[in-house]
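Each remark here refers to the structure printed beneath this line.
The values are calculated or read from the model by the stated rules, or taken from the named source; none is laboratory data. Being a predicted model, the structure only gives us computed values, none of them experimental. Ideal geometry is used to build each Cβ from the backbone, glycine not excepted, and the neighbour counts take in all protein chains shown. Heads up: the accessible areas ignore ligands, DNA and RNA and are worked out on the full protein's heavy atoms, side chains in. Shrake-Rupley method; radii C 1.70, N 1.55, O 1.52, S 1.80 Å.
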Amino acid sequence: MLLAEVVATSTAVGATRSRKEKSAALAALLRVAGPDEIEAATSWLAGEPRQGRIGTGWRTLSGLAGDPAAAPSLSVTQVDGLLTELAGTSGAGSTRRRRELLEALFGAATADEQAFLVRLLTGELRQGALEGVMLDAIAGAAEVPAASVRRAFMLSGRLPATAVTALAGGVEALDAVRLQVGTPLRPMLASPGDSLDAALEGLGADVTVEFKLDGARIQVHRNGDEVRVWTRTLREITDGVPELVELVRALPCTTAVLDGETLALDDDGRPRPFQDTMSRFGSDAADEQALLSPFFFDLLHLDGVDLLDEPLHLRLDALTGLLTDPLHMPGVRRPTPEQAAQVLDDALSAGHEGVVVKSLDAPYAAGRRGKAWQKVKPVHTLDLVVLGAEWGYGRRTGSLSNIHLGARDPDGGEPIMVGKTFKGMTDELLAWQTATFPAYTRSDEGHAVLLRPELVVEIALDGAQRSVRYPGGVALRFARVLRYRPDKTPAEADTIDVVRAFLST
């Protein structure tokens, strides 16, 4: 298969807003892909190289996009092999070798292929092939139930590998995918709840109400003495959190998969600033001033038994038998309305965000944001993408201040602008923005810097209003910055539909 065929499919997918048409175009390509081409093609059309980021910036790549080849000649396997070599090139002489590899790649590419490669390698390939659309396409290409594809993907966490499994082995191979201790799976997510009363009314009396911490999501796997820890984006952080490793290694079990949150606490047991928690992720050495405390709220596997498909009340029974109280997320099962309100009050009084209301009958829906879990916070918040920033004036002269905010397009297009804000920014945050944003520059308009949509920020707001100023027809009311979310990717930002829902509140 030629790279040009992938580029043509990408163009077709980006030219339509119809989910059905996107899926059909992707499926048509996957049907004709060879066994050794499926992983690369799937990964590219989902927006990133199979090898992950290769450490080459936009300026370097844009300088190579010239003197294109007259006709397509590059194959998928050629390009994938070159990217593998590029990702593995380091050490003495690596800069020159990387340049040679890129020049060879771009020199053999047509103009359309060059443009595709620049967007692919800089993370700018947003043609609408979101995970959900790609999963539908894999199911269509392999002629297997979409549910089997989704479950296999949720358990493996790897979209390209799921495509190979489906196309090579069909439904039998997909259904054979199981939870593997040591392989992270995609976490179950909570939907925003309108209020505690609404969540209780919607889910009924058979629920648990738990603290919603101002921390970071973790998934911990134990296999004998080996303990490994991942973030919500499945990035491994084991080496940076030795205190979590030791706590889980001491539990009375041989194998386990735990889901929870972790955060840094002060001497009074109150949460330290979120940045203190995030500063530990990715660090090779523990910061003794910011030790992390884990709070687990789910158990997905214990001593050879998978618990994913069991109802939550059975998983909690197993979790309670495994943990001591300090490691267990505070909460109350089957509370009265008064007890549920007390849990929320206790969480807020302790400095946390709110509560999560969970159906006790629900299985663990890995990777899903359904209604079985609903998070309730007294302050409305959204996770949005930073699209740009304006240079400040007055006291903020010389600082990148007023940030442009975008909501995720559920159809996979560019983020949709919904407002601007400079509220809630400390001097420290302004300095951080000014130092950090230039590395994400897409274009410089003098008074403002437009950014690649890669940074996620958590915004507090009082609601939304209809607006003809912004393309989504909605604008935020009294938006203010709470914090940046390095633990979240733009694919996890809230959608324009979530923002529009505030119009009716």
Whole-percent carbon and sulfur share, accessible surface of the chain, 1.4 Å: 51
For q = 0.23, 0.30, 0.33, 0.35 Å⁻¹, Debye-computed log10 I/I(0) when each Cα of the stretch 393-434 counts as one equal scatterer: -0.77, -1.00, -1.12, -1.19
Could you give the length gained on full extension between Ala146 and Ala15, defined as 0.36 nm per residue of separation minus the Cα-Cα distance, in nm? 44.7 nm
Can you tell me what share of the DSSP beta bridges in the chain is antiparallel? A percent to the nearest 5 is fine. 90
Can you give me the distance in nm between label points at Asp427 and Arg466, each placed 7 Å from the Cα along the Cα-to-Cβ direction? 4.5
Can you compute the modelled spin-label distance between Ser94 and Thr60, with each label point 7 Å from Cα toward Cβ, in nm? 1.0
Mind checking the full-extension length gain between His447 and Asn223? Use 0.36 nm per residue of separation minus the Cα-Cα distance, one decimal, nm. 75.2 nm
Among the listed pairs Lys212/Lys358; Lys20/Lys488; Lys212/Lys375; Lys423/Lys488; Lys375/Lys488; Lys212/Lys488, which have their C-alpha atoms separated by more than 19 angstrom in this model? Lys20/Lys488; Lys423/Lys488
Descending accessible area (1.4 Å probe), largest on the left, turns Glu124, Glu246 into Glu246, Glu124
Mind giving me the FRET efficiency for Arg395 and Asp194? R0 is 60 Å, r the Cβ-Cβ distance, nearest 0.05 is fine. 0.95
Quick one: plug the Kirkwood hydrodynamic radius of the chain (C-alpha pairs) into Stokes-Einstein at 37 °C, 0.692 mPa s, and report D in µm²/s. 134
Relative to the longest principal Cα axis of the chain, at what angle does helix 111-121 sit, 0 to 90 degrees, rounded to 10? 30
Two-site FRET efficiency, Ala501 against Glu458, from Cβ-Cβ distance with R₀ of 25 Å, rounded to 0.05: 0.90
At 1.4 Å probe size, what's the solvent-accessible area of His301? Round to the nearest 10 Å². 10
State the dimensionless ratio Rg/Rh of the stretch 34-132 (Rg: radius of gyration of Cα atoms; Rh: Kirkwood radius). 0.95
Can you figure out the FRET efficiency of Arg270 with Glu338, using R₀ = 22 Å and their beta-carbon distance, to the nearest 0.05? 0.30
In Å, what is the Rg of the alpha-carbon atoms in the stretch 254-349, and how long is Dmax? 15.7, 45
Unit-weight point scatterers at every alpha-carbon of the stretch 349-489, Debye formula, q = 0.11, 0.14, 0.21 1/Å: log10 I(q)/I(0) is -0.48, -0.75, -1.37
With a cap of 16 neighbouring Cβ atoms within 10 Å, and only residues DSSP puts in a loop, list the trypsin sites (Lys or Arg not before Pro) found in the stretch 381-474. Lys423, Arg469
Between 0 and 90 degrees, rounded to the nearest ten: what's the tilt of helix 427-436 against the longest Cα principal axis of the chain? 30
Given a 1.4 Å probe and the protein chains all in place, what does the accessible area of Asp309 round to, in Å² to the nearest 10? 100
Calculate, for the chain, the solvent-accessible area per residue in square angstrom, rolling a 1.4 angstrom probe over the heavy atoms of the protein chains. 44
